[in-house]
Amino acid sequence: MASQEKISVYNLADLKNTSDDAIPNYLNSLKFRQSHRLTDIRLTLGYGALAIAAACLGWDYKFGFDATKYYTAAAVALYSLLNGALTLWIFYVERGTIYEGTAPSSAGGDTIRISTHTKKNVPEYNVTVEVTGKDGKKKGKVEVTKPFTEWFDATGHFVAAPFQSVLATAVPAVGKADPKRVAGPKEGAAATTTTTYTPEILEALAAGTLGSETSGAEPKSGKKGERRRKA
Amino acid sequence: MLSGMANPRQAAAQLMNFGLIVSTAFMMWKGLSVITDSPSPIVVVLSGSMEPAFQRGDLLFLWNRNIFSETSVGEIVVYNVKDKDIPIVHRVVRKFGTGSKAKLLTKGDNNLSDDTELYARGQDYLVRKDIIGSVVGFIPFVGYVTIMLSEHPWLKPVMLGMMGLVVVLQRE
């Protein structure tokens, strides 16, 4: 699992990849049923294109160019078609999706689709979760932006608990499956630093990160403190 | 990067991405071949026999279709001699007859005599299908790398090593 290894905290790709790998691990441990549909279609398109190129290489090597040029022309056309379809698939259908799965029926049975991205030189994790109900109707979209510092310690170790808490708090479907990870919204805002905050500062902070905590966990209590991070 | 290998789908995707880079390059080359109708649409000049037009190492772009006119005297063509796999770039200096049966004689601009001595035993002239394309464009000197690599084989591991070093030292 990703949490065993240490990464460089200055490497944004490492931060994102480790976090991306942690999401399926977490959700599958909550008995989410992961769907590999998107990946499987991408692999089919890509390996189909590879097979055509390999066949083309084979007959070109064996029979020469002149004897096979019409087959080669057809192969080139088909290859561009498949490759184009693959590109469109990645940009318009997958859109950075790293997880697709269905919550256990005890937690509502919603289907969630998680895509993530990072912006260049900004150490923040942008997570978009699209939720679809059991009846196939879209239930909404949750967008969360959190700094990686919340779940990576200074030496680059991944810390699972705060990361899982972010997901469980932001996404009701996950929260229902893992209620003990759901935190009050103010707690999440305070967890990044070690100083104590007055309610005014917390309000200001909440306003500053507006939109990052759209829905999800009901604020159970206003109490703060209780760091999830081990010092 | 190696952590992804634990997941078969991720490993398959990484292998696929690598394969697609290689195969896209290959299919672009084949696409160019199909468009120009030439088995080798880009060649590197290996000798100085066409100086001052082309020097060793020049990169030539070929076109092998006769849409508007036949291959005629004065054109610089690339041909393969029977049973020899080295393409030769020379100019057509004589042509007898028309169509696919036309007999063509070639000569290097910088050579004293015509190419009859270069042709295969018993071959006194070229026909259209011996030609793999007429030169339609060139970039000076950029093909010299391939000449260096074939003439100094020890450069190959050196170059691979340097590329590897760059990859190791410069991570994204």
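The values are calculated or read from the model by the stated rules, or taken from the named source; none is laboratory data. These numbers come from a predicted model, not from an experiment. Positions of Cβ are backbone-derived with ideal geometry, glycine not excepted, and every protein chain shown enters the neighbour counts. Ligands, DNA and RNA are stripped out before the accessible areas are found, and what is left, the full protein with its side chains, is counted by its heavy atoms. Shrake-Rupley method; radii C 1.70, N 1.55, O 1.52, S 1.80 Å.
Structure notes:
- Of the criteria (1) surrounded by 15 or more Cβ atoms within 10 Å (Cβ to Cβ); (2) touching a Pro at 6+ places or on another chain (Cβ under 9 Å); (3) more than 10 Å from chain B (Cβ to nearest Cβ), which one A:GLN34 fails: (1)
- Which numbered condition A:SER80 misses (of (1) among the polar types (S, T, N, Q); (2) within 30 Å of the chain's Cα centre (by Cα); (3) more than 8 Å from chain B (Cβ to nearest Cβ)): (3)
- Residue in region B:61-79 that is open to solvent by less than 70 Å² (accessible area, probe 1.4 Å), closer than 15 Å to B:SER47 by Cβ and free of Cβ contacts under 8 Å to residues at least 40 places away in the same chain present: no
- When the residues of region B:11-28 are filtered to those that are open to solvent by 70 Å² or more (accessible area, probe 1.4 Å) and at pLDDT below 95, the one that is farthest from the chain's Cα centre (by Cα) is B:LEU15.
- Taken together, the residues in region A:87-100 that are open to solvent by less than 20 Å² (accessible area, probe 1.4 Å) and either within 15 Å of A:PRO172 (Cβ to Cβ) or hydroxyl-bearing (Ser, Thr, Tyr) (or both) amount to 1.
- In region A:14-30, the condition of being open to solvent by 60 Å² or more (accessible area, probe 1.4 Å) and acidic (Asp, Glu) is met by no residue.
- Scan of region B:6-36 for residues that are closer than 19 Å to B:ARG65 by Cβ and facing chain A (nearest Cβ under 7 Å), ordered by number: B:LYS30, B:GLY31, B:SER33, B:VAL34
- A residue that is small (Gly, Ala, Ser), within 14 Å of another protein chain (Cβ to nearest Cβ) and surrounded by fewer than 17 Cβ atoms within 10 Å (Cβ to Cβ) occurs nowhere in region B:105-121.
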